[in-house]
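First up is the structure itself, then whatever we jot down about it.
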Amino acid sequence: MKNSFLLLLIIACLVTLNAHCASIEVKTDWQAHWITSDQCKNDVNSWLCFRKTVNVSSKPSRAIAQIACDSKYWLWVNGKQVVFEGGLKRGPNPNDTYYDEVDLSSYLVKGQNTISILVWYFGKDGFSHKSSGKAGLLFECITPAFRIISDKSWIAAIHPAFENTQGTQPNVRLPESNIRFDARKDFGNWQNPKFDPNGKVFKYAVDLGLPPVAPWNKLVKRPIPLWKNYGLKSYSQTTLKQGKELDTLICRLPYNAQITPYLQVNAPEGQTIQIFSDNYWVGGEASVRAEYITRKGVQQFESPGWFNGHKVYYLLPKGVKLTKVLYRETGYNTEFSGSFNSSDPFFNRLWEKARRTLYVTMRDTYMDCPDRERAQWIGDEVTEAGESFYALDPKSHLLQRKGLHELLAWQRADNTLFAPIPAGNWNKELPCQILTCVGYYGLWNYYKFTGDSKTIADLYDGVKKYIDVWKINDKGTVTFRPGEWTWGDWGDNIDQELIDNTLFYMALKGVRNMAAVLGKSDDVKEYNQIMDRFKKSFNEQFWTGKGYRHPEYKGQTDDRIQALAVVGGLADKDKFPSIFEVLKKEEHASPYMEKYVLESLFQMGYDEYALERMKKRFENMVDDPNYTTLFEVWSKNYQGYSGWTINHAWSGGGLTLLSQYLCGIAPEDAGFTRFHILPQPGKINEASATMSSVKGKISSSFKQSHNEFDLTVEIPKKTEAIVGVPGKDYKEIKMNGVPVWENGKFLENSLVKSYNDQSESHVKFLIPSGKWIIKALK
């Protein structure tokens with residue numbers, strides 16, 4: 001039976017072996033040189049201006065500029081903005097730097113052209129960025145007709161108006177600084193081609209060398225899209241509250257978003273306007289804010305650094321006349337292409353809040369939160385990526401691929417892994433999060449949804465090395481590894497050693513499957529032997545007859561462990577009733593681990609209780625009318641601590657479950673060549689979901705009553721689906737009006753095939769592409 005499974009797995013995976021072959025690209029044939037300003041001292045929070053005027057003989061049809069810097073840049077061509085915040089936080093690995101590609105063809109004209117670039121050099125490390133220690137710019141645009149390269153013929157200057165704020169600074173996790181702009185020191189519209197740099201602080205740039213050169217080293221092509229720029233918009237609502245010295249303008253956003261604030265004022269000189277969001281303070285720790293110091297007269301300013309929240313506050317000194325406030329939303333360039341709707345409004349709100357939380361935690365990397373940390377905690381990313389497969393379009397997949405490559409590229413000499421990465425001031429391993437990412441729900445799940453076997457091939461050796469760090473004890477289970485931070489979850493009653501064991505088993509399962517994809521039969525054999533012994537030993541040591549627990553653990557039975565044993569395949573069906581009783585009683589998991597608890601209930605067939613528990617556990621945050629996003633923990637002041645965030649996408653696992661289990665959509669073969677639609681409706685009368693798979697749109701919509709189950713599905717071209725109606729007691733099932741099932745028996749027909757896998761949960765059919773209306777009568 002096991003050999004048959006492996007044969008089928010290998011055949012299915014080899015179908016997609018050459019799919020999605022894009023890989024990490026390193027450019028080595030540079031003609032441009034790194035440059036900087038002669039005034040640059042590489043201070044924290046430095047802003048540098050670069051200009052170059054060139055002649056172009058004819059307007060090009062294609063002109064790809066390749067641009068790198070530490071840390072961010074804004075690009076104008078002939079005074080028109082081309083890029084609003086380019087560049088990625090540094091760290092494809094501990095040494096190297098990312099570069100962007102931008103097509104300038106629609107901005108260049110025949111004749112004279114002016115390239116203007118503003119660079120923001122963070123100048124410090126963070127949980128999401130490793131500073132190179134030196135500010136610099138690299139620009140190269142080469143076509144058959146012309147060549148524009150950064151060199152010492154460019155002019156450059158430190159922008160004198162950008163400064164550091166006084167007082168509270170962002171917490172140490174953030175590499176970004178607060179932004180203070182003193183308009184009295186601004187040297188004007190320097191991006192405009194008519195700007196005359198003579199007599200200003202601009203001087204010829206300093207040449208820092210031809211790549212690859214330290215400290216930026218090799219240059220890796222940006223693996224994700226440039227940000228989507230939604231343009232300047234009006235706030236949903238504004239309210240002015242007057243004070244003795246300062247008036248406060250409170251501006252409501254339509255939802256929690258990544259934004260840059262804009263203002264237009266008529267003011268006397270030297271007035272300081274403070275700008276921040278309602279997410280600025282998180283439990284006494286600061287995020288980022290902006291300050292603007294006025295010059296005399298009418299003026300406008302947009303702070304280039306983003307922050308997020310539901311509200312933006314402008315603190316206005318008396319005498320400042322505000323004439324306009326706007327905001328610009330930017331974010332990861334993906335479409336909200338998935339959908340979900342049901343007859344229960346609660347689950348609709350949960351799904352939409354989860355998607356909004358997901359989107360606000362996507363940018364340079366997946367983030368745990370967009371305010372306090374902006375860090376790629378890799379276990380969080382697993383949950384977030386799972387949501388993106390259902391909620392967003394396939395461009396979102398690239399963000400997880402980037403994170404997976406970064407994780408393995410930061411592997412240490414002792415083969416351990418750590419996250420968040422990229423990071424310059426963090427290096428601690430959280431074993432549970434790493435195991436989650438490299439295993440079944442992380443890298444393997446990415447492969448199942450994308451079919452990207454190239455990433456599997458690229459990362460397999462590093463994953464295997466990490467698995468080998470873990471040692472099997474003489475009883476056949478795993479030897480506990482505390483790592484540098486022993487963390488299993490937030491909350492109480494955490495059976496830590498069993499969390500390690502269950503997650504290690506799922507990591508083995510994932511790497512075993514990857515070995516099969518890559519044709520590594522010896523590795524497959526070795527992992528199967530370890531897994532067989534492990535499962536037997538795990539159940540002999542830790543099953544009490546009523547649930548799983550480590551003999552040295554003294555707390556209440558951990559609901560997380562029961563769930564992980566089910567979804568990992570350690571618990572067989574005979575244990576499901578006992579585990580179900582535990583999960584009806586115990587509620588210790590955080591929203592992060594609750595996803596696995598709920599998924600285990602669906603997998604065991606207790607879909608009605610899964611939905612009941614989901615509603616009970618998430619009710620507080622889903623029904624809170626003040627927030628469009630989901631919280632880090634069960635309430636804003638959970639366990640008396642106010643430092644939890646109100647936008648943590650690890651709480652959005654319910655989105656995945658509603659699409660994957662309630663509406664039943666999930667891949668069978670990697671890349672959705674074959675998938676299934678097997679709804680588990682519980683007591684929900686109606687529900688529908690769509691997703692943008694790598695093969696195209698998939699939809700599932702059901703309606704049930706006491707004597708009928710109607711299911712409408714859409715299956716993309718060049719795919720097939722295993723489609724099932726829940727239960728077995730049907731008198732008749734029709735497919736597009738044609739009877740295909742009657743009194744417990746399949747009827748031969750020219751439309752669909754029976755799919756008999758001995759399942760007790762559904763009547764299943766193998767259906768080709770197209771739209772299908774299924775009516776099942778009891």
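The values are calculated or read from the model by the stated rules, or taken from the named source; none is laboratory data. All figures in this text were calculated on a predicted structure; none of them were measured in a lab. FYI the Cβ positions are ideal-geometry reconstructions off the backbone, even for glycines, and counts take in every protein chain you see. These accessible areas exclude ligands, DNA and RNA; they are computed on the full protein's heavy atoms, side chains included. Shrake-Rupley method; radii C 1.70, N 1.55, O 1.52, S 1.80 Å.
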**OP:** Within segment 205-258, work out how many residues are within 30 Å of THR455 (Cβ to Cβ), part of a loop (DSSP other than H, G, I, E, B), open to solvent by less than 50 Å² (accessible area, probe 1.4 Å) and touching a strand residue (DSSP E or B) at 6+ places or on another chain (Cβ under 6 Å).
**Re:** 4
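Can you pull out the residues in segment 687-697 that are among the hydrophobic types (A, V, I, L, M, F, W, C) and either open to solvent by 10 Å² or more (accessible area, probe 1.4 Å) or more than 18 Å from TYR446 (Cα to Cα) (or both)? Break it down into steps so the answer makes sense when it comes.
Taking segment 687-697 and keeping what is among the hydrophobic types (A, V, I, L, M, F, W, C), we get 687, 689, 691, 694.
Within segment 687-697, ALA687, ALA689, VAL694 meet the criteria.
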**OP:** Tell me, yes or no, whether segment 552-566 has at least one residue that is closer than 15 Å to ASP500 by Cα and surrounded by fewer than 23 Cβ atoms within 10 Å (Cβ to Cβ).
**Re:** yes
Original post:
Within the set of pairs 6+ apart or on separate chains, which have a first residue in segment 327-351 that is free of Cβ contacts under 8 Å to residues at least 24 places away in the same chain, a second that is open to solvent by 50 Å² or more (accessible area, probe 1.4 Å) and not aliphatic (A, V, I, L, M), and C-beta atoms under 8 Å apart?
Top reply: ASN348/ASN341
Original post:
Just one of ALA457, ALA385 is within 24 Å of LYS509 (Cβ to Cβ), of a type in the set (A, V, I, L, M, F, W, C) and open to solvent by 10 Å² or more (accessible area, probe 1.4 Å); which is it?
Top reply: ALA457
Original post:
Of the residues that make up segment 570-588, is at least one out of contact with any Cys (no Cβ under 7 Å at 6 or more places or on another chain), within 17 Å of ASP489 (Cα to Cα), of a type in the set (A, V, I, L, M) and in contact (Cβ under 8 Å) with a residue 40 or more places away in the chain?
Top reply: no
Subject >> Subset of segment 276-288 (residues that are open to solvent by less than 30 Å² (accessible area, probe 1.4 Å) and either assigned to a strand (DSSP E or B) or β-branched (Val, Ile, Thr) (or both)) >> reply: SER277, VAL282, ALA286, VAL288
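Give me the residue from segment 132-169 that is over 27 Å from GLY283 (Cα atoms) and of a type in the set (S, T, N, Q) and, out of that set, least open to solvent (accessible area, probe 1.4 Å).
Of all residues in segment 132-169, those over 27 Å from GLY283 (Cα atoms) come to 132-162.
The next check asks that each one be of a type in the set (S, T, N, Q); those that pass are 132, 143, 150, 153.
Values: SER132: 21, THR143: 22, SER150: 0, SER153: 49 Å².
Of everything passing the filter in segment 132-169, SER150 is least open to solvent (accessible area, probe 1.4 Å).
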Subject >> Single unsatisfied condition, VAL725 versus (1) touching a His at 6+ places or on another chain (Cβ under 9 Å); (2) over 30 Å from LEU358 (Cβ atoms); (3) open to solvent by 10 Å² or more (accessible area, probe 1.4 Å) >> reply: (3)
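Which is of a type in the set (A, V, I, L, M) and surrounded by 15 or more Cβ atoms within 10 Å (Cβ to Cβ), of VAL44, VAL109, VAL83?
On the way: VAL44 fails: surrounded by 15 or more Cβ atoms within 10 Å (Cβ to Cβ); VAL109 fails: surrounded by 15 or more Cβ atoms within 10 Å (Cβ to Cβ).
Matching residue, one of VAL44, VAL109, VAL83: VAL83.
Give LEU503, LEU508 a once-over and let me know the one that is closer than 27 Å to TRP644 by Cα, open to solvent by less than 40 Å² (accessible area, probe 1.4 Å) and assigned to a helix (DSSP H, G or I). So that I can check it myself, show each step before the final result.
Numbers: LEU508 fails: closer than 27 Å to TRP644 by Cα.
Being closer than 27 Å to TRP644 by Cα, open to solvent by less than 40 Å² (accessible area, probe 1.4 Å) and assigned to a helix (DSSP H, G or I) holds for just one of LEU503, LEU508, which is LEU503.
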**OP:** Select from segment 734-760 the residues that are assigned to a loop (DSSP other than H, G, I, E, B), open to solvent by 60 Å² or more (accessible area, probe 1.4 Å) and farther than 15 Å from TRP772 by Cβ and list them in ascending order.
**Re:** ASN743, GLU748, ASN756, ASP757, GLN758, GLU760
Original post:
Is it true that LYS595 is within 21 Å of PRO370 (Cβ to Cβ) and open to solvent by 10 Å² or more (accessible area, probe 1.4 Å)?
Top reply: yes
Original post:
How many residues are modelled with pLDDT under 95 and touching a Phe, Trp or Tyr at 6+ places or on another chain (Cβ under 6 Å) when one looks only at segment 689-745?
Top reply: 0
Original post:
Would it be correct to say that ASN707 is in contact (Cβ under 8 Å) with a residue 12 or more places away in the chain, touching a strand residue (DSSP E or B) at 6+ places or on another chain (Cβ under 7 Å) and surrounded by fewer than 17 Cβ atoms within 10 Å (Cβ to Cβ)?
Top reply: yes
**OP:** With a cut-off of at least 3 residues that are at pLDDT 95 or above and out of contact with any Ser or Thr (no Cβ under 9 Å at 6 or more places or on another chain), name the helices (runs of 4 or more DSSP H) lying wholly within segment 552-611.
**Re:** 576-585, 591-604
**OP:** Please identify the pairs in which a residue from segment 481-497 that is under 19 Å from ASP559 (Cβ atoms) has its Cβ atom under 9 Å from the Cβ atom of a residue that is open to solvent by 70 Å² or more (accessible area, probe 1.4 Å), counting only partners at least 6 apart or on another chain.
**Re:** TRP490/GLN639; GLY491/GLN639; ASP492/GLN556; ASP492/GLN639; ASN493/GLN556; GLN496/PHE480; GLU497/PHE480; GLU497/GLU552
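Looking at segment 414-454, which of the residues that are among the β-branched types (Val, Ile, Thr) and under 18 Å from LEU503 (Cα atoms) is surrounded by the fewest Cβ atoms within 10 Å (Cβ to Cβ)?
THR416
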Subject >> Selected residue (criterion: nearest to THR239 (Cα to Cα)) from residues of segment 289-315 that are among the aliphatic types (A, V, I, L, M) and open to solvent by 10 Å² or more (accessible area, probe 1.4 Å) >> reply: LEU315
Subject >> Neighbours by Cβ (under 8 Å, 6+ apart or cross-chain): first from segment 730-759, closer than 15 Å to LEU711 by Cα; second of a type in the set (Lys, Arg) >> reply: TYR730/LYS778; ILE733/LYS775; LYS734/LYS775; VAL740/LYS734
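Pick from segment 170-204 the residues that are assigned to a loop (DSSP other than H, G, I, E, B) and of a type in the set (Lys, Arg): which of them is most open to solvent (accessible area, probe 1.4 Å)?
The selected residue is LYS194.
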